[in-house]
Amino acid sequence: MPHNAGNLPTTDSPDSCAEKCNGWEYVGLQDGQDCFCGNGTGFKAQGISPKCTTPCAGNTSVECGGACANSVYWIGAGLAPSPPPPGPPEPPLPPRGSEADPSPHDVVWRSPSTTGARGALPLGNGECSASLWVEPSGDLLIYAVKSNSFDEVSSRDKLARLRIRFEPPLQIDASFQQRLTLRNASVAIEAEGMRVEAFVDANAPALRIRAQSTRGDKFRLHASLEVWRVGPAVAQGGFCHAWNRSGDILLNDTSIGDDESAIGVVHVNVDETSAALINQTLSRQGIDMGAAPVYNPMYGRSFGAWITGTQMKRINATTLSSETPAAVHSLVLNMLTVVNSAGGASMEQWVAQAAALAKTNGAEAYETAATRHANEWKEMWERSWVWVSTNCSSCHPTATVRDSSADVEDDAAAGVVGDPTAVLTLQRYLDLANGRQALFPIHGAKNAFLCVCHFVVKPEICQDRLGTTLGKVEIRGVLCRWGASLGCRRVRG
């Protein structure tokens, strides 16, 4: 026989040799202890031999050939391989018709942030973004940014940091919860007797916030700007290290006008600084533009935030406070960039446009804006979707609840490792909320799903949303970064 399976000096028998010859049709036992395998061809000699009289070492009641003679046994196609140990249960696909609902992947935290903005939840409409987090004191903190807020040293700055304080304070107890609701791109904060909702309006450059008592109790609200760029500062890094950035301007009673329910902060670019920076950068790179005009994206640019509130009054340049206690309070943080292509950005020009924008945004009721916003995101989610289930043994289950004090750079702790659908959904949300630039937009149905990945899978178990077998190992619509280790099981969308 062509294959020598080895010597079995103490255990040789038809059964033990058959285990060694798994997958072959025949086994041959020789001299009581040797095991050979074959498929019915390639035997050197065939026929009945009188030499097959040696007892098997592992079973003396059976003959195992003899000197240069084999006792041949047919075992068919061989023993079936041992089944692999069962893996973790495969996550179920969503019910038919609910594939576009991202709600199973909402992010829920049950403790306030102890690491500042590192424990924030993101909101955005692609052009305007905000990060929100609750501190252990019960204060709500917000960073606001706009995609085209470039200062004169080419740094994209945050527009403002806003602190919202509740009186009495927000209670951080066992009922505390902060949820990022993907379906309508909003954040809801729940505490003892209080609910706070916020979203960056899909139809306006504004962050809308509403705080309401769930028990009808009346409370006061205070919103304060925390401005840290109060004077000229040396920009850090790259070719900008020698250039001074001008400070931000808090709007006082004179500059903000007659609106006593508003506070604001604005940055006005210094055109001479940006022009000198560009000229020196070109010179250092050995580029001579001659008399050709050089595009300066920072030229004539001013940007900032204008905050208004219902039944709230400006106490000073940084603070709005509710005039009387109420069961519901609402705020609108308007985000605006003004570009004067002729140069010479001014605070007065920005204030005039910001006041007009705030009036327009403030005229729409919170409920109306929230409904229109939710419809926009519903339509976006329904354009396309990807659901992937896997029994990858190295994957971690998706966490829906976590402690924001954990290291947010630890993917396993953040609950976004292991479930491909959760990762894809959250990545798509971030692309749509933060990724659209003013000049180079990222559309929800395109850039987030441009890559094609190749998985080593069984084609017959990869089906489209109609149940049709794909018949290929090429799954379109999955981000390339996940590599080939996920193992496709079923796909809809």
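The numbers here are math on the coordinates, done by the rules we state, and not lab data. Computed from a predicted model, the values in this text were never measured in an experiment. Positions of Cβ are generated from backbone atoms using ideal geometry, with glycine treated the same way; all protein chains shown enter the neighbour counts.
Going by how many other beta carbons lie within 10 Å of each one, how would you line up ASP31, ASP201, fewest first? Write out the running numbers ahead of the final one.
Numbers: ASP31 18, ASP201 22.
Ordered from fewest to most neighbouring Cβ atoms within 10 Å, ASP31, ASP201 come out as ASP31, ASP201.
Once label points are set 7 Å from the Cα along Cα→Cβ at both ARG284 and THR214, what is their separation, rounded to one decimal in nm?
Here the modelled spin labels are 5.4 nm apart.
Rounded to the nearest 0.05, what FRET efficiency do THR254 and ALA365 have when you use their Cβ-Cβ distance and R0 = 41 Å? Mind showing how you got there, number by number?
Working: r = 31 Å, r/R0 = 0.76.
The formula returns an efficiency of 0.85 here.
So, in nm, how far is label ASN148 from label GLU192 when the simple model puts each one 7 Å beyond its Cα toward the Cβ?
A separation of 4.7 nm, rounded to one decimal place.
Using the count of nearby Cβ atoms within 10 Å as a rough guide to exposure, how do ILE249, ILE172 rank from fewest to most?
The most exposed by this proxy come first: ILE172, ILE249.
Over the Cα atoms of the stretch 3-74, compute the convex hull volume and normalise it per residue, giving Å³. Write out the running numbers ahead of the final one.
Working: hull volume 5.3 nm³, N = 72.
So the per-residue hull volume is 74 Å³.
Between TYR295 and ASN316, what is the label-point separation in nm under the 7 Å Cα-to-beta-carbon projection?
Distance between label points: 4.4 nm.
Compute the FRET efficiency between TRP74 and GLN427 as 1/(1 + (r/R0)^6), taking r as their Cβ-Cβ distance and R0 = 56 Å, and round to the nearest 0.05.
0.50
Test of understanding: what is the full-extension gain from GLU323 to SER49, defined as 0.36 nm times their sequence separation minus their Cα-Cα distance? Walk me through the intermediate numbers first.
Values: separation 274, 0.36 × 274 = 98.64 nm, distance 11.06 nm.
Length difference between fully extended and current span is 87.6 nm.
Which order results if TYR295, TYR26 are arranged by neighbouring Cβ count within 10 Å, fewest first? Before the final figure, lay out the partial values.
Working: TYR295 6, TYR26 21.
Going from least to most buried by this count: TYR295, TYR26.
Cut-off 17 Å, label point 7 angstrom out along Cα-to-Cβ of VAL230: give me the residues of the stretch 251-278 whose amide nitrogen falls inside.
Residues 251-253, 264-267 qualify, since their backbone N sits under 17 Å from the label point.
Given Cβ point charges of +1 (Lys, Arg) and -1 (Asp, Glu) and nothing else, what value in debye, to the nearest 20, does the dipole of the stretch 103-381 about its Cα centre take?
Roughly 500 debye, rounded to the nearest 20.
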